[in-house]
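In what follows, a structure is listed as structure tokens, so that the remarks can point back to it.
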Amino acid sequence: MSTTSRQGVDYTRFAPIALLAAAAGIAAWWALIYGDGAAAPLLVDPGAIVRWGLPVAMLVVRIASGITLGALLLAAFALPSTHRAYDSSMTLAGWSAAVWTVSSVVAGLLTFSAVYLEPVTLDDRYGNLLSIFFAQTEIGRAWLWSTVCAGAATIASIAARNYAPVFFTGVLAVAALWPLAELGHTAGTASHNQAVTSAYLHYVFVGFWIGGLAAFAWIYRHIRHNKDVLARTLERFSTIALVSVIVVGISGVMNAWIRVGSLDNLLTPYGVLLLVKTAVLAVLIGWGAVYRLRIIGSIPASSDTSFSTLWKLVVTELTVMGVAIGVAVALARTETPVEEVPPSELSAPTPAEYLTGQPLPPPFSVGRVFTEWEVDLLWSLVAGFAIFFYVAGVVRLARRGDSWPVLKTVSWVAAMAILWFTTSSGLYVYGNVLFSIHMVEHMILSMGIPLLMVLATPVTLAAR
């Protein structure tokens, strides 16, 4: 399984990432042609270099950022800091973050060329326009901040080796993806908040999932002969992948519905590409089930033949993941079947609509607190996962014969249920337009929920 040069460098570790990139490139090329994502505009054409170069740069950004997130997450939560695989994972994070930074610069410059339609020159006029773009426009500032954060993550990945700095480096890398969620289709949709949040969560957890598997393939040569470390690493990555699948699936459905609108629109080029991406996701979920139900438990009794099968499975899965990334990049360049209307372009907006960016809800009543909903995806996932992992901890204690007070569990579940209700129900809807309801919402979030969380003692549960 190992191919080395005369200097002893193992090149098999590059094969999975190379196949991931190749599959992504081929899939993006096909999807761009099918969906006319790189077609020349009817009015002004920025040129083939910009039309094709920008998706390519975005593809590299998506792959490199994902590998950075995955390598950092694997190092922080799945690998012992004294093991050689830990340093190898951090090395991968540093190199991928550097590629992310460079590709982000290229993508920002190509975006400028697409917006301003200016040929590259060395005169003052071009420099002035470039500075205006990155300093005074929303798109330019988004690319600037994303690039700066990616560059900072590069430096931190190279320097950090202890768990705490690695964790904060991961937070920095996650923050670098937020400006990218503001770009593309999400920036111009009438459901701006939901679209941006779902796109951001989609980017982050796709990175954890795909990047985590790429990092696992990268360090595999260091842990394949240590069955304990291999089983523990694969089990923890499996948990990361499971959480990622749930978030990616839910955020993907929300994104799709905002942009597709109806089942009939699934027959449009955008809808067909969306169906292709969904089919690939279903295949990847099946692969994840194989990991969790068959492979992890059989590692202690596995032979070298089984390890070879695991390696082939990982490489094949990464190749399929590359198809998903390529189609996703092309989707971002494909015209959506639902017309996207920015909130600022609402017909004859009232002053309140102009300030809030959305239509006003019906007149307030107590009953409408329970009937008017605007589900916040982020807090819904936080509440759901918080309940799941707390209950999982209680179940684990019970299986080993320890007890846990029922009232503490009830307190935690109640806190998370109230958190979800407060951030998604009529309290949130009317809290945006009525100061009195906003203060009620504020008091619940700052005083009521924390009190229930303290009574549930989650830190004690985690320690036990």
Next item on the list: Of all residues in segment 351-376, count the ones that are farther than 13 Å from SER425 by Cα, at pLDDT 75 or above and among the aliphatic types (A, V, I, L, M).
Entry: 1
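Has segment 118-127 got at least one residue that is in a helix (DSSP H, G or I) and of a type in the set (Val, Ile, Thr)?
no
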Check: Does at least one position in segment 201-221 carry a residue that is over 28 Å from LEU275 (Cα atoms), open to solvent by 30 Å² or more (accessible area, probe 1.4 Å) and modelled with pLDDT under 90?
Finding: yes
Next item on the list: Can you give me the number of residues within segment 61-85 that are open to solvent by less than 20 Å² (accessible area, probe 1.4 Å) and not hydrophobic (A, V, I, L, M, F, W, C)?
Entry: 4
Notebook entry, point to check: Only one of (1) hydrophobic (A, V, I, L, M, F, W, C); (2) part of a helix (DSSP H, G or I); (3) farther than 19 Å from ARG464 by Cα is not met by VAL394, so which one is it?
Noted result: (3)
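Name the residue, out of MET447, MET416, that is part of a helix (DSSP H, G or I), surrounded by fewer than 15 Cβ atoms within 10 Å (Cβ to Cβ) and without any contact (Cβ under 8 Å) to a residue 40 or more places away in the chain.
MET447
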Notebook entry, point to check: Among the numbered criteria (1) in contact (Cβ under 8 Å) with a residue 60 or more places away in the chain; (2) closer than 23 Å to PHE216 by Cβ; (3) in a helix (DSSP H, G or I); (4) not hydroxyl-bearing (Ser, Thr, Tyr), which single criterion is violated by ALA98?
Noted result: (1)
Checklist line | Number of positions in segment 10-52 that are among the aromatic types (Phe, Trp, Tyr) and modelled with pLDDT under 80 | finding: 1
Next item on the list: State the number of residues belonging to segment 101-133 that are hydrophobic (A, V, I, L, M, F, W, C) and touching a residue at least 40 places away in the same chain (Cβ under 8 Å).
Entry: 6
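Residue-wise test of (1) open to solvent by 40 Å² or more (accessible area, probe 1.4 Å); (2) within 30 Å of TYR428 (Cα to Cα); (3) not in a helix (DSSP H, G or I).
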site: ARG141; (1), (2), (3): yes, yes, no
site: ALA164; (1), (2), (3): yes, no, no
site: GLN194; (1), (2), (3): yes, yes, no
site: SER238; (1), (2), (3): no, no, no
site: ILE250; (1), (2), (3): yes, yes, no
Note to self: Is it the case, given these coordinates, that LEU275 is farther than 30 Å from TRP218 by Cα, in a helix (DSSP H, G or I) and at pLDDT below 70?
What the structure shows: no
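Confirm whether THR91 is within 30 Å of ALA76 (Cβ to Cβ), among the hydroxyl-bearing types (Ser, Thr, Tyr), assigned to a helix (DSSP H, G or I) and touching a Gly at 6+ places or on another chain (Cβ under 9 Å).
Against the criterion (within 30 Å of ALA76 (Cβ to Cβ), among the hydroxyl-bearing types (Ser, Thr, Tyr), assigned to a helix (DSSP H, G or I) and touching a Gly at 6+ places or on another chain (Cβ under 9 Å)), THR91 does not qualify.
Filter segment 331-350 down to residues that are aliphatic (A, V, I, L, M) and surrounded by 15 or more Cβ atoms within 10 Å (Cβ to Cβ) and give me whichever is modelled with the highest pLDDT.
Step one: filter segment 331-350 for residues aliphatic (A, V, I, L, M), giving 331-332, 338, 341, 346, 348.
Add one more test, that the residue is surrounded by 15 or more Cβ atoms within 10 Å (Cβ to Cβ), and what stays is 331-332, 338, 346.
Working: LEU331: 89, ALA332: 85, VAL338: 70, LEU346: 46.
My answer is LEU331.
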Notebook entry, point to check: Does segment 450-460 hold any residues that are in a helix (DSSP H, G or I) and either within 31 Å of the chain's Cα centre (by Cα) or in contact (Cβ under 8 Å) with a residue 40 or more places away in the chain (or both), and which are they?
Noted result: PRO450, LEU452, MET453, VAL454, LEU455, ALA456, PRO458, VAL459, THR460
Check: Just checking, how many residues over segment 175-192 are outside any helix (DSSP H, G or I) and modelled with pLDDT of 75 or more?
Finding: 2
Notebook entry, point to check: On the given criteria, is LEU59 part of a helix (DSSP H, G or I) and hydrophobic (A, V, I, L, M, F, W, C)?
Noted result: yes
Notebook entry, point to check: Can you name the number of the only condition in (1) open to solvent by 50 Å² or more (accessible area, probe 1.4 Å); (2) of a type in the set (A, V, I, L, M, F, W, C); (3) modelled with pLDDT under 75 that ALA282 fails?
Noted result: (3)
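The values are calculated or read from the model by the stated rules, or taken from the named source; none is laboratory data. In this text, all values refer to a predicted model and were calculated from it rather than measured experimentally. Neighbour counts run over all protein chains shown; Cβ positions are idealised from the backbone, glycine included. Just so you know, the surface numbers come from the protein's heavy atoms only, side chains and all, with ligands and any DNA or RNA stripped out. Shrake-Rupley method; radii C 1.70, N 1.55, O 1.52, S 1.80 Å.
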